[in-house]
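Reading through the structure tokens given below for one structure.
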Amino acid sequence: MTTTPAYVTTDFDAEGLNAKARDHLWMHFTRISSYADSSVPTIVRGDGAYIYDVNGKRYLDGLAGLFVVQAGHGRRELAEAAYRQAQDLAFFPLWSYAHPPAIELADRLAHYAPGDLNKVFFTTGGGEAVETAWKLAKQYFKLVGKPLKHKVISRSIAYHGTPQGALSITGIPAAKAMFEPLVPGAHKVPNTNFYRAPEHGDDLEAFGRWAADAIEQAIVFEGPDTVACVFLEPVQNSGGCFPPPPGYFQRVRDICDRHDVLLVSDEVICAFGRLGHMFGCDKFGYVPDMITCAKGLTSGYSPIGACIVSDRLAEPFWTGSDYFPHGYTFGGHPVSSAVAMANLDLFEREGLNQHVLDNEAAFRATLEKLNDLPIVGDVRGDGFFYGIEMVKDKATRETFDDNESERLLRGFLSKALFDAGLYCRADDRGDPVIQLSPPLIVGPAEFDEMEQILRSVLTEAWKRL
Ligand SMILES: Cc1ncc(COP(=O)(O)O)c(C=O)c1O
């Protein structure tokens, strides 16, 4: 039994809020009409790994908000860091000026980042970081005398954000259709979904070579003189957590070097402990040319994103008179930068990365117990980042048709899991999956709680099919 601290607001007008939400709040990626006959789920506070709705009901936060709240909810020291910074200097831009929190954070990120990734361009979120990386790649090649290099290669079903450049890089046709034509020059290659490997389904390393070689084929097909960069997540989120096969990133790194193509590691989800390291590329032993990150950098206590860039790429901008005509009013916001510093202090003091490494095997083992359910086809992921793919037929791996998917995911699963006390995500941007990405402070007790709720709801879902 936890007690609510005195400083937390608890008296909300649930009905009034619901009416206002329905009338005025445009929720993101949300079919608004789905709340015509039910209330909008409204979360009022968080504490550790748990969140509470407006009626006081408690839920295990199985998604860390949205792959964000690494340090857990209700961390007063992060709120206090924001308060202190807002008193000293609430706002100043990084447009030709600097302030201590952004300077210190850039220095710290440069020290954490691998190789010669020593320059930090701040944004306010992940999509802007992706946008920044692509624009920077284009300008870099213009400055070094390769002006045709502008195209980008990314993987099918991967999500890289919603600005129109980042959306071009995104590999989810349904997310793009309404906004075409998007920025031209973005090409897709297969992802590393081994469960649905079209080739080498019995040999993970051969599959990894095949998937990496598909990147080289795309570069050659488009013309190496026209390709600027490849965007890859260390573990691809969309589609339900596709880890890289052994050797995949090493082969991609070689391919990129051979064709003078930049490798961008999109770590908007995978950085800051999600895989037990500051950066996901560290886990898989590769050094990219740029890292894009956001979300967990502040554990969500204030928004910020960053594009971390190698010295080699920054060189033409650091010397001579050329500059990068790009920026955001709120990029590297002083309050967010100060919160990020406090969050990273907390990471070090509490050993959050090591905690993930110490517990990732137990998390996997607990989730893998679900493999005995007929609806569970595959449990996959890394660190504290998992996808559970649901199938109609375990033996043939047959998936659900659109109607079944609609009934299963939107009609039943998301709500049933939430009603049962687990906030997570049922997603069908690829094949239907449940995604889990809890705060990094959880351990075996919360793993068991997730497994038990999933077991009962998935058993019920199977009966309803
Ligand atoms: C890999 C990746 N890139 C980019 C983004 C976009 O980040 P944001 O929503 O902060 O713009 C996301 C968001 O989930 C992401 O997962």
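Look at the range 394-432 and say how many of its residues are over 18 Å from residue 53 (Cβ atoms) and assigned to a helix (DSSP H, G or I).
Final tally of qualifying residues: 12.
Among the residues of the range 331-372, write down those that are hydrophobic (A, V, I, L, M, F, W, C), within 25 Å of residue 89 (Cβ to Cβ) and either touching a Gly at 6+ places or on another chain (Cβ under 7 Å) or exposed (fewer than 15 other Cβ atoms within 10 Å of the Cβ) (or both). Walk me through it before giving the result.
Pass one, the range 331-372, residues hydrophobic (A, V, I, L, M, F, W, C): 335, 338-342, 344, 346-347, 352, 356-357, 361-363, 365, 367, 370.
Of the ones still in play, those that are also within 25 Å of residue 89 (Cβ to Cβ) are 335, 338-342, 344, 346-347.
Of everything in the range 331-372, just one residue is hydrophobic (A, V, I, L, M, F, W, C), within 25 Å of residue 89 (Cβ to Cβ) and either touching a Gly at 6+ places or on another chain (Cβ under 7 Å) or exposed (fewer than 15 other Cβ atoms within 10 Å of the Cβ) (or both), namely 347.
Taking the range 163-192 as the search range and keeping residues that are surrounded by 19 or more Cβ atoms within 10 Å (Cβ to Cβ) and polar (S, T, N, Q), which one is farthest from residue 261 (Cα to Cα)?
By that ranking, first place goes to 192.
Which one of these is at pLDDT below 95, assigned to a helix (DSSP H, G or I) and on the phi < 0 side of the Ramachandran plot: 461, 445?
After ruling out the rest, the residue left standing is 461.
Would you check if residue 133 is closer than 25 Å to residue 349 by Cβ and either touching a residue at least 40 places away in the same chain (Cβ under 8 Å) or surrounded by 24 or more Cβ atoms within 10 Å (Cβ to Cβ) (or both)?
no
Mind listing whichever residues of the range 224-253 are away from the ligand (no atom under 16 Å from the Cβ) and under 15 Å from residue 211 (Cβ atoms)?
First pass over the range 224-253, keeping only residues away from the ligand (no atom under 16 Å from the Cβ): 224-228, 245-248, 250-253.
245, 246, 247, 248, 250, 251, 252, 253, listed by residue number.
May I ask you to say which residue of 410, 397 is basic (Lys, Arg), modelled with pLDDT under 95 and surrounded by fewer than 21 Cβ atoms within 10 Å (Cβ to Cβ)?
Result of the check over 410, 397: 410.
Among the residues of the range 183-204, is there at least one that is away from the ligand (no atom under 16 Å from the Cβ), assigned to a helix (DSSP H, G or I), out of contact with any helix residue (DSSP H, G or I) (no Cβ under 8 Å at 6 or more places or on another chain) and acidic (Asp, Glu)?
No, the conditions are met nowhere in the range 183-204.
Tell me, which helices (runs of 4 or more DSSP H) wholly within the range 57-170 include 3 or more residues that are within 16 Å of the ligand (Cβ to nearest atom)?
Correct list: 64-67, 126-143, 164-169.
Going through 256, 293 one at a time, which residue ends up being away from the ligand (no atom under 16 Å from the Cβ) and within 26 Å of residue 149 (Cβ to Cβ)?
From the options 256, 293, the qualifying one is 256.
Looking for whichever is more than 23 Å from residue 424 (Cβ to Cβ) and assigned to a helix (DSSP H, G or I) here; the options are 346, 367, 357. Which one fits?
346
Restricting to the range 303-330, count the residues that are surrounded by 24 or more Cβ atoms within 10 Å (Cβ to Cβ) and either within 16 Å of the ligand (Cβ to nearest atom) or without any contact (Cβ under 8 Å) to a residue 40 or more places away in the chain (or both).
Residues meeting the conditions: 5.
Which ranges mark the helices (runs of 4 or more DSSP H) fully within the range 225-323 that have 3 or more residues being within 22 Å of the chain's Cα centre (by Cα) and within 30 Å of residue 195 (Cβ to Cβ)?
Working: elements: 248-258, 280-284, 311-318.
Where helices (runs of 4 or more DSSP H) fall fully within the range 225-323 and carry at least 3 residues being within 22 Å of the chain's Cα centre (by Cα) and within 30 Å of residue 195 (Cβ to Cβ), they are 248-258, 280-284.
For the range 107-118, how many residues are in contact (Cβ under 8 Å) with a residue 24 or more places away in the chain and either surrounded by fewer than 21 Cβ atoms within 10 Å (Cβ to Cβ) or of a type in the set (Gly, Ala, Ser) (or both)?
8
The values are calculated or read from the model by the stated rules, or taken from the named source; none is laboratory data. No experiment lies behind these values; they were computed from the predicted model shown. In this analysis, Cβ positions are derived from the backbone assuming ideal geometry, glycine residues included, and neighbour counts consider all displayed protein chains.
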